[in-house]
Amino acid sequence: MTDKVEVRRNIERYETEITKWLALSRGLISRDEMMLVDKKINQLKEWSKNLRNLLHA
């Protein structure tokens, strides 16, 4: 039971981080920085998806 609570908490944390990264003003960052931001967003989305799959398995 506590594992499910921890998984949900981590999903929430990842979703919050995704929102923060998406809110960045892309007009103020370089192309290389934008690529790093996109990589981080994709990584967080993948982690969140994996945890959701684990939760519903």
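The values are calculated or read from the model by the stated rules, or taken from the named source; none is laboratory data. Because the structure is predicted, anything quoted here is derived from the model rather than measured. Cβ: placed from backbone, ideal geometry, glycine included. Neighbour counts: every protein chain shown. Each accessible area value is taken on the protein alone, full model and side chains, heavy atoms only, with ligands, DNA and RNA left out. Shrake-Rupley method; radii C 1.70, N 1.55, O 1.52, S 1.80 Å.
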Legend entry - Relative contact order (%) - the chain, alpha-carbon pairs under 8 angstrom, separation at least six: 55 percent
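Note down the Stokes-Einstein diffusion coefficient of the chain in µm²/s, whole number, using a Kirkwood radius over alpha carbon pairs, 20 °C, and 1.002 mPa s. List each step's numbers first, then the result.
On the way: Rh = 12.3 Å.
Value of D from the Cα-based Kirkwood radius: 174 µm²/s.
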Legend entry - Ranked packing of 22-32, 42-52, most packed first, by mean Cβ within 10 Å: 42-52, 22-32
Legend entry - Rounded FRET efficiency, nearest 0.05, which uses the C-beta distance separating GLU17 from LEU54 and R0 of 25 Å: 0.85
Legend entry - Qualifying lysines (Cα of each under 21 Å from Cα of LYS20; at least 8 residues distant if same chain): LYS39, LYS40, LYS45, LYS49
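Please work out the average accessible area per residue across the chain, using the 1.4 Å probe convention, and give it in Å². Before the final figure, lay out each step's value.
Numbers: 4720 Å² over 57 residues.
Per-residue accessible area for the chain comes out at 83 Å².
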Legend entry - Lys, Arg +1 and Asp, Glu -1 on Cβ, resulting dipole of the chain about Cα centre, debye, nearest 20: 100 debye
Legend entry - Karplus 3J(HN,Hα) series, Hz, for segment 40-57 with 6.51 cos²θ - 1.76 cosθ + 1.60 (x for Gly, Pro): 5, 4, 4, 4, 5, 5, 5, 4, 4, 4, 4, 5, 5, 5, 5, 5, 9, 7
Inset, instruction - Specify the angular offset, from 0 to 90 degrees and rounded to the nearest 10, of the alpha carbon long axis of helix 2-22 from the longest principal axis of the alpha carbons in the chain. - result: 10 degrees
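Of the accessible area of the chain, with the probe set at 1.4 angstrom, what percent is carbon plus sulfur?
Here it works out to 55 percent.
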